[in-house]
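Some notes on the structure that comes next.
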Amino acid sequence: MSTIRHPAHSLLEKLDGFSVVIDATRQRADIILDRPPLNVISMAQRDQLRLVFEALDEDPAVRVIVLRAVGKNFSSGGDIKGFLEAAPEHVSKLAWNIAAPARCSKPVVAANRGYCFGVGFEISLACDFRIVTDTTQYALPEQKLGQIPGSGGSARLQKMVGITRTKDVVMRSRRIPGQQACDWGIATQCVADADLEKATDELVDELCSFSPLAQRTAKKLLNDTEDSTLSIAIELEGHCYSRLRSSNDFREGVEAFHQKRKPTFTGS
């Protein structure tokens, strides 16, 4: 009898331009862009990145996912030639693939140094936390090619910084330095370039100290209510709060608080 093989298996047999490292002890997974010197993201790589995020989302050994890169630059963007060669149907899936970090139920941290252009910026915007350095340059340079961002970049950026700043960045292909990105609320934290790994480690360890159930609930609630009215957001928050009240993690948190000890959360 022949074995049914999912198409994703063949897609993931050889990762294109990146690697994945899982540290079960620290409950952490790192997706590492590795196509030096600029870590250009190919069309095939986008499909693989989506599948990897989905797989890590299902892995019970992983609590937090880090998206980072080898070298001085996170990514200079996508493979420009690939856009001309790709089928229209494939191109229409670009935004869905790059939104994988946002759909992932677990916290996702982007560690951005150097160039973070085009799709490199877009996939970082889809993450929950962005740590930048004094070398970071964010940009959506598609106007220089006679094109616009195609993987959610302008839409996500406008939600974060408003239409005026987004037009200035998108329509002028303007670069945003790391500190300015932090001042604008795009980045979570700006550190010296030499401290990027340390800051990332500290954030991951902090996120792992919380209840994974509460973390997943908070992320989904905030994502789901981003476009809702205030009254609907408050209503949904109340339902989520009510469900968590009956969780083992909440009971453990309350007991640990009263006993003045560190809680041991299980995610249930």
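When region 181-191 is filtered for residues that are of a type outside the set (A, V, I, L, M, F, W, C) and surrounded by 17 or more Cβ atoms within 10 Å (Cβ to Cβ), the ones remaining, listed by number, are Thr188, Gln189. Evaluated against (1) part of a helix (DSSP H, G or I); (2) of a type outside the set (Lys, Arg); (3) surrounded by 13 or more Cβ atoms within 10 Å (Cβ to Cβ); (4) under 23 Å from the mean Cα position of the chain (by Cα), Ala194 falls short on exactly one condition, (3).
Examine region 245-263 for a residue that is buried (at least 16 other Cβ atoms within 10 Å of the Cβ), of a type in the set (Ser, Thr, Tyr) and either not assigned by TED's automatic domain parsing to the domain that holds Ala102 or not in a helix (DSSP H, G or I) (or both), and state whether such a residue exists.
yes
In region 32-51, which residues are among the hydrophobic types (A, V, I, L, M, F, W, C) and surrounded by 24 or more Cβ atoms within 10 Å (Cβ to Cβ)? Spell out how you get there, then give the answer.
Of the residues in region 32-51, the ones among the hydrophobic types (A, V, I, L, M, F, W, C) are 32-33, 38, 40-41, 43-44, 49, 51.
Passing the criteria: Leu33, Ile41, Leu49.
Do we have Thr266 as touching a helix residue (DSSP H, G or I) at 6+ places or on another chain (Cβ under 8 Å), exposed (fewer than 15 other Cβ atoms within 10 Å of the Cβ) and among the β-branched types (Val, Ile, Thr) here? So Thr266 passes the test.
Where helices (runs of 4 or more DSSP H) fall entirely within region 59-174, those with at least 3 residues that are surrounded by 17 or more Cβ atoms within 10 Å (Cβ to Cβ) and of a type outside the set (A, V, I, L, M, F, W, C) are at 119-125, 153-161. A Cβ distance below 6 Å, combined with a sequence gap of six or more or placement on separate chains, defines the contacts here; from region 171-186, residues that are among the hydrophobic types (A, V, I, L, M, F, W, C) reach residues that are outside any loop (DSSP other than H, G, I, E, B) in the pairs Ile176/Tyr138; Ala181/Val132; Ala181/Tyr138; Cys182/Cys190; Trp184/Val161; Ile186/Met160.
The values are calculated or read from the model by the stated rules, or taken from the named source; none is laboratory data. The shown structure was predicted, so the numbers you read here are calculated from the model rather than taken from an experiment. All Cβ positions, even for glycine, are placed from backbone atoms using ideal geometry, and neighbour counts span all protein chains on display.
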